[in-house]
Amino acid sequence: MKTKILVSIITAVILFGCTNSKSNSAAKAVDAFYKNYDGPFELVNKTLLSRELAALIDKTVKLEERSAAELKAAKSTDKPAMIEGDIFTSLYESYTSFKIVRVRTDGDLATVRVEFTNHREDDIVWTDEVQLIRQNGNWKIDDVRYGLKNAPCPNLKKGLSDFLTPEPVVNES
């Protein structure tokens, strides 16, 4: 009887430990990212991002630079195309602290729920979901689903894609 209980406990610990280690590595990737990220997004450590998200950020930076250069060449005082505010959370003003509240993994995909707080803005507290993908054996941030209702878009990738997609020109004839 004692042997069966001991075997059951050992099995549970092993299974829980294996599941947790996969989850923990996703959590560690998110923790490392948000501990070291303080903006602007143009300077983000892209080694922590998926190839697809890093490519979107590169395209966004190039568009911002091209827009600024074109306006400068035209000696225009117009504002160049640019993304302002924090893109890695749903609050424009960003966060002052964060904590990981839940981790779910499914094969090479993970979702990490993160609770953010901004103490500079009346102690605003909100939760975003960071989506990760395992690439070359490492967890990489692939998207952020924004939790605040007043976020400008539902997620990071959509926001970047919308920025990169030119608005149709309307003829007034």
Based on this model, can you work out whether residue 103 counts as open to solvent by less than 70 Å² (accessible area, probe 1.4 Å), more than 19 Å from residue 159 (Cβ to Cβ) and in contact with a helix residue (DSSP H, G or I) (Cβ under 7 Å, 6 or more places away or on another chain)?
yes
Return yes or no: is residue 35 at pLDDT 90 or above, farther than 16 Å from residue 156 by Cβ and open to solvent by 90 Å² or more (accessible area, probe 1.4 Å)?
yes
Looking for something free of Cβ contacts under 8 Å to residues at least 40 places away in the same chain and part of a strand (DSSP E or B) - is there at least one such residue anywhere in segment 137-157?
yes
Cross-chain or 6+ apart pairs with Cβ under 6 Å, segment 53-70 first and of a type in the set (Val, Ile, Thr), then assigned to a helix (DSSP H, G or I) and surrounded by fewer than 16 Cβ atoms within 10 Å (Cβ to Cβ)
61/42
Among (1) open to solvent by 40 Å² or more (accessible area, probe 1.4 Å); (2) modelled with pLDDT of 85 or more, which single condition is residue 14 missing?
(2)
Are any residues in segment 47-82 part of a helix (DSSP H, G or I), of a type in the set (S, T, N, Q) and under 26 Å from residue 132 (Cα atoms), and if so, which ones?
47, 60
Anything in segment 120-141 that is open to solvent by 30 Å² or more (accessible area, probe 1.4 Å) and farther than 23 Å from residue 93 by Cα? List them, or say none.
133, 134, 136, 137, 138, 140
Of the residues in segment 80-91, those that are closer than 18 Å to residue 36 by Cα and surrounded by fewer than 18 Cβ atoms within 10 Å (Cβ to Cβ) come to 85
Going by what's in this entry, would residue 52 be described as of a type outside the set (A, V, I, L, M) and at pLDDT 90 or above?
yes
Farther than 16 Å from residue 161 by Cα and open to solvent by 30 Å² or more (accessible area, probe 1.4 Å): which single residue out of 110, 26, 73 fits that description?
73
If you check residue 117 against the conditions, is it open to solvent by less than 40 Å² (accessible area, probe 1.4 Å), assigned to a strand (DSSP E or B) and free of Cβ contacts under 8 Å to residues at least 40 places away in the same chain?
yes
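The values are calculated or read from the model by the stated rules, or taken from the named source; none is laboratory data. All figures in this text were calculated on a predicted structure; none of them were measured in a lab. Heads up, the Cβs are rebuilt from the backbone with ideal geometry, glycines too, and the neighbour counts pull from every protein chain shown. Side chains are part of the model used for accessible areas, which takes the heavy atoms of the whole protein and leaves out ligands, DNA and RNA. Shrake-Rupley method; radii C 1.70, N 1.55, O 1.52, S 1.80 Å.
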